[in-house]
Amino acid sequence: MSIAETPATVETPNKPKPAVESPLRRFAAEFLESRVAAGALLMLGLIISLAALAPWITPQNPYDLAQVDVLDSRLPPGTKSSSGAYTHWLGTDGAGRDLVSAMIYGLRISLLVGAASGLIAMVIGTVVGMTAAYAGGRTETLIMRVVDLQLSFPAILLALMLIAVLGKGIDKIIIALVTVQWAYYARTVRGTALVEARKEYVEAARCLGLSSARILFKHIGPNCMAPLIVVATVQTAHAIALEATLSFLGVGLPQTEPSLGLLISNGFEYMLSHKYWISFFPGLVLLITIVIINLVGDQLRDVLNPRLKK
Amino acid sequence: MLRAVRNWCLAVVVALFVAPATAQELKIGLASEPSAMDPHFHNLTPNNSLLSHVFERLVETDPSNKLIPGLAESWKILDGNIWEFKLRAGVKWHDGSAFTADDVIFTFERAPNVPNSPSSFATSTKGKTLKKIDDLTLQFSTPGPYPLLANDLSNVLIVSRKTGEGAKTEDYNSGKAAVGTGPFKFASFTPGDKIEMVRNPDYWGTKAAFEKITFKPIKAGPARVAALLAGDVDIIEDVPTADIERLKKEPRIALSQGVSRRVIYFHLDQFRDETPFIKAKDGGAIKNPLRDKRVRQALSKAINRDAIVSRVMEGVALPASQFLADQFFGVSAKLKPVAFDLEGARKLLAEAGYPNGFKMTMHGPNGRYTNDVKIIEAVAQMFTRAGIETSIETLPPAVFFSRASAGAGGLPEFSFILVGWSADTGETSGSLKPLVGTFDKDKGTGSANRGRYSNPALDAMIAEAQATVDDGKRAGILAQAVEIAIDDVAIIPSHYPINTWGTRKGLKITPRADEYTFVMGVTKE
C-alpha cells in the first residue's frame, strides 16, 4: 500500500506542465535566438568571472608595489622580467606592472564601478520616476524639471566637477556616476509608469482600496521593469566608458591602482615612440567589454519590447 | 580647359598651404604659457624666458649661468657694500628714447610693487639702495657685504621709465607699455594662442637672425612633438622623455640637451613629533621616524637613483648627490650620489627600531616636473621593498604647493614630498638658504624649507658665505655647508634633470641651465 502511494505523492507537486511554458524560460529561449547575443552573453560571463577571480589567476598583484619593479618598465610583449619570476605576455606599462595582471585588475574596477553606479542610479531613478508619475501635479513638474536640468549638463563635465569637489577614490567615482545617471532612469520610469497608471488593473487595485505605496511598488513597478532593464544595460556600458574617461583624464583613481582608463592614459605618451602595447591592449579590452554589454542590451530590448515581437 | 584651370587652382592652394615658413620666421612651441607680458608681474620661468627677448637685464647670464655684461658694460666693487655699474652707452628703447640710469632706478621702484603679483621680484630688489652718479653710472649699496648683488641683478628685467610710469600689468599685455631694449620688439599677445615679436633693427648687440618670431604654448608633450614633426613649429622646448629615443632616429629633427640647474629631491618632515602621514604598520600612531637620521639615511639608500635615471627619466637626467650638479659654483667635489643598498637600508631601519618598517603616504605634484608622477610611483615601489609600505597621492601643482608650504594651521601639511628646486642664483647659496636654512620669515631664510630642518651651525655658515665677497673663499664655505646638509640628510636628492629641446634639421639651439628658451641662442647651420 505504502509502496504504491509513494510515487503518487512525489509526482503531484512535480507534475510537468508541457503546455504552458514558464515566462522566464520563454524569455531565455527568445534571447538565445540570436547567435550574436548568445555569444556576447557568454563573453560577458567570461569577463565577469575573470574579473571576479583576478587575485587567483593573475601572475602578479599589480597593486602591490613590492611586486612591481620599475626596472621592468615598458617591456615589450613576451619578455621575461628581470627577476625571472614572470613572463610578461602582453608586456609591461610605464611603472613595470605586468599588463595582463593590470588589465584584469583594471577590468575588476571598471565592472565594479559600472555595476554599482548602474544599480544605485537605477534604484534612485526608479523611486523618483515613479513618485513623479504617481503624484502628478506640482511634484511631478518639479521633479521632471530637475531631471531636465540634469540631462542638459554634459555628463563628463558634471562628473569632472563632482570629482574635483569630492576627491579621488572608487567610492567618489561611483557617487559622481550615480549623480550623472539617475536622471535617465527617472525619465524612463516616469514615462512607462504614466502609461501603466491608466491601465485597468491599477484602477482595480485602487477600487480595492490598496495604499498608494502598495500600488506603486507592487503593481506598477514590476510592469516598468522591461524598459528599465534595457536602459540599465546601456547605462552600465556608459558608466564604464565614463569611468575610463575620468581615469584617462587623471581625476579618478590613485596612480598605483590603475583601472583600464588610467592604463590607457599611462601608455598614451608612449604612443609616438612605438610602445603601442601599454595603451592598445587595455583599450581593446575596454572596447570589447562595452561592445558586448551593448550587444546584450540590444537583444534584451528586442525581446522585452512587445512591439518588436514577431 | 576646365581641368587645366582646376589643376592650376589646386597648385596655387597647395603652394599657399605647403610653402615652408620663410627662414626669416621662427615658430617656437612652448611647454607652458607665460602668465603676463609684464616682466615684474610673476617671477616664473616661462615669463622670464619669454620676456628676455623684449627686455634686458643689467647683468645677463650665459648658457651655463655664469654672469656676463648686459645693459651694464662693467661693474666693480668699491668697498664691500658699494658696487658701481657702468651702463652701456648708445642703447635705445624700442620707442627711440635713450636708455639711462633713471630707467634702472624706476625699475627697482616698480619691480617689488606690482599689484596682485603671485610671486614678485622683491627678493632680488630688496636691501639695495640705488644712487645715480651720472646718466650712465649707477651705485648700488647694501647694508652689509653682499657678494650676490650681481646675481640678484641678473634676475630683474629693466623697463623704460617713459612708458612704464603708471603702467599696469594690462598695459604690458596689450603692448602699450611693452617697450624694451632687447633684440625683439613685442608685437602681440593672444592668451591661450600665441605671442608674436618682430626683429629690433636698431639693437645695440648682435642683431637677431629672424625677422619675426611666434611663440605658441602647446602644453601637452605628445602634441608638442607632433607639431614639430608636422612642421607647425620649428623648435620645441621640454621634449617628453618618452619621445627622445624616437626623435633621435628622426632625420628631420635635431635635439639639444643640457643639464639643468634644478634638482629633484625629497623633503622630509623633521619638525613634528608625530607626522600626519606616517603610521605604524597596523595603522596606529607612532613617533615621527623621519627625525631619526638613520631612518633618513635608510630612505636615501633605498632609492635606486640609477633606475630612476635609466628607466623613468630614460637617460635624460643625472643621479644627484647634492643641491646642484657638479659644474656649478659652490658645490662639494667630495659628495657622490648615495648608492642603492636595500640590505643596508633594512639594517638601518632595524637599528632605528623599525625592523618591520612603517606606513607612509608620499605626496607630490602631477605635472610640475618632468615625469613627476612616475618618479613618485617608482620611489614608492623602492620604499615598499625596503619595508616601508608607501602609498602615493599626487595633486595638481597649485594645490600641492600651497598645502606643502602652508596647509592646515599654516604649517607644511605633508610628511614626505617630492619637489624640485631651481637655484636662480646659479650657485649653491641659492638652494641652501631657502631649502635647509632655519625657517625664519624675518631673516628670509628657509622660505621653501618644507621639512623645517634646522641646524644653527649650518645657518651660521650660510650667513658667513653670504658675507664673503672673495669667490674662492665663499665657494669653500658653501661646499662645506652642502656637505653638512647632505650628511645630515636634510633633504634626499634624487636627480638633476637634463633639458631637451627639439629643432627641425638646420637649426641649432644652445641649451641653457636655467631652462630658458632663447631665440638668441638659435643658429642656422
- Taking interchain pairs and intrachain pairs at least six residues apart, which have beta carbon atoms under 8 angstrom, with the first residue in segment B:358-387 and within 11 Å of chain A (Cβ to nearest Cβ) and the second of a type in the set (Ser, Thr, Tyr) and in a helix (DSSP H, G or I)? B:Asn371/B:Thr241
- Which members of segment B:184-225 meet the condition of being within 14 Å of chain A (Cβ to nearest Cβ) and surrounded by fewer than 17 Cβ atoms within 10 Å (Cβ to Cβ)? B:Lys219, B:Ala220, B:Ala223
- Query: Does segment A:28-83 hold any residues that are within 14 Å of chain B (Cβ to nearest Cβ) and either of a type in the set (D, E, K, R) or within 18 Å of the chain's Cα centre (by Cα) (or both), and which are they?
  - Reply: A:Asp64, A:Asp69, A:Asp72, A:Arg74
- Query: Any chance segment B:398-411 includes a residue that's more than 10 Å from chain A (Cβ to nearest Cβ), at pLDDT 90 or above, surrounded by 21 or more Cβ atoms within 10 Å (Cβ to Cβ) and within 24 Å of the chain's Cα centre (by Cα)?
  - Reply: yes
- Query: Has segment A:69-83 got at least one residue that is closer than 24 Å to A:Gly261 by Cβ and without any contact (Cβ under 8 Å) to a residue 24 or more places away in the chain?
  - Reply: yes
- All but one of (1) among the charged types (D, E, K, R); (2) in contact (Cβ under 8 Å) with a residue 12 or more places away in the chain; (3) within 25 Å of B:Met197 (Cβ to Cβ) hold for B:Glu84, so report the exception by its number. (3)
- Give A:Met144, A:Met122 a once-over and let me know the one that is surrounded by fewer than 21 Cβ atoms within 10 Å (Cβ to Cβ) and closer than 24 Å to A:Ile229 by Cα. A:Met144
- Can you tell me which of B:Val91, B:Val59 is among the aliphatic types (A, V, I, L, M), at pLDDT 90 or above and out of contact with any Gly (no Cβ under 6 Å at 6 or more places or on another chain)? B:Val91
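Among the strands (runs of 3 or more DSSP E) contained in segment B:96-195, which hold 3 or more residues that are under 25 Å from the mean Cα position of the chain (by Cα)?
B:184-190
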- Please work out which residue is surrounded by the most Cβ atoms within 10 Å (Cβ to Cβ), limiting yourself to segment A:253-281 and to residues that are more than 12 Å from chain B (Cβ to nearest Cβ) and part of a loop (DSSP other than H, G, I, E, B). A:Ser259
- Mind listing whichever residues of segment B:341-364 are hydrophobic (A, V, I, L, M, F, W, C) and assigned to a loop (DSSP other than H, G, I, E, B)? B:Ala352, B:Phe358
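State yes or no: is A:Ser259 touching an Asp or Glu at 6+ places or on another chain (Cβ under 8 Å), among the small types (Gly, Ala, Ser), under 30 Å from B:Ile376 (Cβ atoms) and in contact (Cβ under 8 Å) with a residue 60 or more places away in the chain? First the steps, then the outcome.
Working: touching an Asp or Glu at 6+ places or on another chain (Cβ under 8 Å): yes; among the small types (Gly, Ala, Ser): yes; under 30 Å from B:Ile376 (Cβ atoms): yes; in contact (Cβ under 8 Å) with a residue 60 or more places away in the chain: yes.
Yes.
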- Query: Any chance segment B:309-318 includes a residue that's surrounded by fewer than 18 Cβ atoms within 10 Å (Cβ to Cβ), within 14 Å of chain A (Cβ to nearest Cβ) and within 28 Å of the chain's Cα centre (by Cα)?
  - Reply: yes
- Task: Go through (1) assigned to a loop (DSSP other than H, G, I, E, B); (2) touching a strand residue (DSSP E or B) at 6+ places or on another chain (Cβ under 9 Å) and name the single condition B:Thr206 misses.
- Result: (2)
- Message: Here is a check on your reading of the model: is B:Val331 in contact with a strand residue (DSSP E or B) (Cβ under 9 Å, 6 or more places away or on another chain), touching a residue at least 12 places away in the same chain (Cβ under 8 Å), closer than 16 Å to B:Ile492 by Cβ and among the β-branched types (Val, Ile, Thr)?
- Response: no
- Go over the candidates A:Ala132, A:Ala115, A:Ala121 one by one and state the one that is of a type outside the set (Val, Ile, Thr), more than 14 Å from every other protein chain (Cβ to nearest Cβ), in contact with a Lys or Arg (Cβ under 9 Å, 6 or more places away or on another chain) and in a helix (DSSP H, G or I). A:Ala132
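Report, by residue number, each residue of segment B:252-277 that is closer than 26 Å to B:Phe518 by Cβ and more than 14 Å from every other protein chain (Cβ to nearest Cβ).
At the first step, the residues of segment B:252-277 found to be closer than 26 Å to B:Phe518 by Cβ are B:252-264.
Answer for segment B:252-277, where residues must be closer than 26 Å to B:Phe518 by Cβ and more than 14 Å from every other protein chain (Cβ to nearest Cβ): B:Arg252, B:Ala254, B:Ser256, B:Gln257, B:Gly258, B:Val259, B:Ser260, B:Arg261, B:Arg262, B:Val263, B:Ile264.
Go through B:Tyr516, B:Tyr453 for me and flag whichever is outside any helix (DSSP H, G or I) and closer than 30 Å to B:Ala227 by Cα. Step through it out loud before you land on a result.
Working: B:Tyr453 fails: closer than 30 Å to B:Ala227 by Cα.
After ruling out the rest, the residue left standing is B:Tyr516.
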- Note on the structure: (1) more than 12 Å from every other protein chain (Cβ to nearest Cβ); (2) closer than 30 Å to A:Phe248 by Cα; (3) not in a loop (DSSP other than H, G, I, E, B) all hold for B:Leu299 apart from (2)
- Only residues that are buried (at least 16 other Cβ atoms within 10 Å of the Cβ), at pLDDT below 95 and of a type in the set (Ser, Thr, Tyr): list them for segment B:102-140, please. B:Ser117, B:Ser120, B:Thr123, B:Ser124, B:Thr125
- Using the structure shown, decide if B:Thr390 is facing chain A (nearest Cβ under 9 Å), of a type outside the set (Lys, Arg) and surrounded by 21 or more Cβ atoms within 10 Å (Cβ to Cβ). yes
- Among the candidates B:Lys293, B:Lys301, single out the residue that is surrounded by fewer than 17 Cβ atoms within 10 Å (Cβ to Cβ), under 29 Å from B:Ile486 (Cα atoms) and at pLDDT 95 or above. B:Lys293
- Report yes if some residue within segment B:419-427 is away from every other protein chain (no Cβ under 14 Å), part of a strand (DSSP E or B) and within 22 Å of A:Val251 (Cα to Cα); otherwise report no. yes
- Message: Give me the residue from segment B:226-245 that is more than 29 Å from B:Pro493 (Cα to Cα) and of a type in the set (D, E, K, R) and, out of that set, nearest to the other protein chains (Cβ to nearest Cβ).
- Response: B:Asp232
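Which of the residues spanning segment B:210-250 are among the acidic types (Asp, Glu) and out of contact with any Asp or Glu (no Cβ under 9 Å at 6 or more places or on another chain)?
Filtering segment B:210-250 for residues among the acidic types (Asp, Glu) gives B:211, B:232, B:234, B:237-238, B:243, B:245, B:250.
Residues satisfying the conditions are B:Asp232, B:Glu250.
The values are calculated or read from the model by the stated rules, or taken from the named source; none is laboratory data. In this text the structure is predicted, and so the values were computed from the model without any measurement. Virtual Cβ from ideal backbone geometry, glycine too; neighbours counted across all protein chains shown.
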